[in-house]
Structures are given as structure tokens and as C-alpha cells.
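The values are calculated or read from the model by the stated rules, or taken from the named source; none is laboratory data. Source: prediction; values computed, not measured. Cβ placement follows ideal geometry from the backbone for every residue including glycine, while neighbour counts extend to all protein chains displayed. Each accessible area value is taken on the protein alone, full model and side chains, heavy atoms only, with ligands, DNA and RNA left out. Shrake-Rupley method; radii C 1.70, N 1.55, O 1.52, S 1.80 Å.
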Amino acid sequence: MTTQTHRVDHELIQAAAHVARTRCRGDNHTMAAAARAQDGRIITAVNAYHFTGGPCAELVLIGAAAAQGAYELNTIVAVGDRDRGVVPPCGRCRQVLLDYFPALKVIVGADDRLRALSITDLLPESYIWADHQLDAEQPAPPSTS
């Protein structure tokens with residue numbers, strides 16, 4: 001596997017950090033995410049923690065982006081509250097981000113080691129959901145009766 005780094009979008013990190021600092025209050029909202037849409041807009045969101053497994057900030061962001069008509073995201077970053085800095089996406093988020101945006105770049109790392117990697121580099125040898133869906137135009141198998 002060859003990992004290629006991309007330009008780090010510092011404006012995204014600042015946007016997520018601002019949301020984490022000003023909107024994350026208490027245990028229900030501890031992470032913020034920011035993504036750059038293909039048209040250049042920045043979309044932000046926070047997680048919705050719940051003991052049943054509420055969605056991470058990255059997943060909330062996918063819905064927020066769609067609600068704003070942004071269906072293609074180029075880059076995403078998550079930042080923790082209490083000045084925790086950039087936090088990499090969990091495994092579930094990596095899989096969902098890959099399935100929705102296979103060309104997405106994800107900002108990871110800390111301080112002077114920040115880098116933007118392709119989602120495929122964060123989830124190598126991954127299961128691609130779309131590759132395993134039945135083609136709607138495939139003929140039905142012959143009947144054995």
C-alpha cells in the first residue's frame with residue numbers, strides 16, 4: 001500500500017475547532033467535524049452521544065451536508081472538545097465515509113504531524129459495500145421447480 005499525503009486544509013481544522021469550542025457542551029456533544037464540499041462550502045456538525053451508540057460527528061455531518069444540498073465532500077476532519085485537537089475517525093466512520101465518498105481525504109495527526117490522507121489509506125483492503133450489491137438488471141436465476 002502506498003500512502004499519498006495531500007494538502008492539509010487548515011481552514012477546515014479551524015472551523016471544526018471553533019464548533020468544538022463553542023458548541024460542544026457536556027457529555028452529549030464532545031466532537032465536532034468539518035468538511036469541505038465540492039463547491040467549496042464548509043459544513044460543520046457535532047456528535048450526538050447516547051448510550052445506545054449515537055452517531056459520531058462525521059456521520060451527523062453527512063446528513064447535515066445532504067440537508068444543505070452538498071452531496072460530494074472533498075475533505076473532512078474531526079476535532080475533540082476541551083482542546084483535544086484532531087481526532088481520527090473510528091472504524092465505523094471510516095467504513096461509512098468510504099462508502100459515501102470513495103475519493104474523500106481525511107485530515108489526521110497532531111500538531112506538526114497533520115496530514116491529509118485518502119480514506120482508502122485509512123481503511124486498506126476494505127469491504128466496498130457498492131461492490132457487493134446485486135445489480136437490479138441482472139436476470140433472475142432459472143427456476144428449479
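Annotations for the structure displayed:
- Summed over the residues of the chain and divided among them, the accessible surface reaches 62 Å² per residue at a probe radius of 1.4 Å.
- Heavy-atom accessible surface of segment 18-103: percent carbon and sulfur, 1.4 Å: 53 percent
- Cut-off 14 Å between beta-carbons: net charge of the residues surrounding Gly54, Lys and Arg +1, Asp and Glu -1: -1
- Projecting the Cα positions of Val19, Tyr71, Trp129 onto the charge dipole of the chain (unit charges on Cβ atoms of Lys, Arg, Asp and Glu, taken about the Cα centre) puts Val19 furthest along the positive direction.
- Pair His18, Thr3: separation of 7 Å Cα→Cβ label points (nm): 3.0 nm
- For segment 6-91, diffusion coefficient by Stokes-Einstein and Kirkwood Rh (Cα), 4 °C, 1.567 mPa s, µm²/s: 102 µm²/s
- Dipole magnitude (debye, nearest 20) for the chain, charges at Cβ of Lys, Arg, Asp, Glu: 560 debye
- Distance between the pseudo-spin-label points of Arg41 and Ile128 (7 Å out from Cα toward the beta carbon): 2.9 nm.
- Peptides 122-133, 33-44, ordered by how many other C-beta atoms sit within 10 Å of their residues on average, highest first, read 33-44, 122-133.
- Counting only Cα atoms, the size of segment 65-136 along its three principal axes is 48, 32, 18 Å, in decreasing order.
- Derived value for the chain: Kirkwood hydrodynamic radius 16.1 Å. Basis is the mean of 1/r over every pair of different alpha-carbon atoms.
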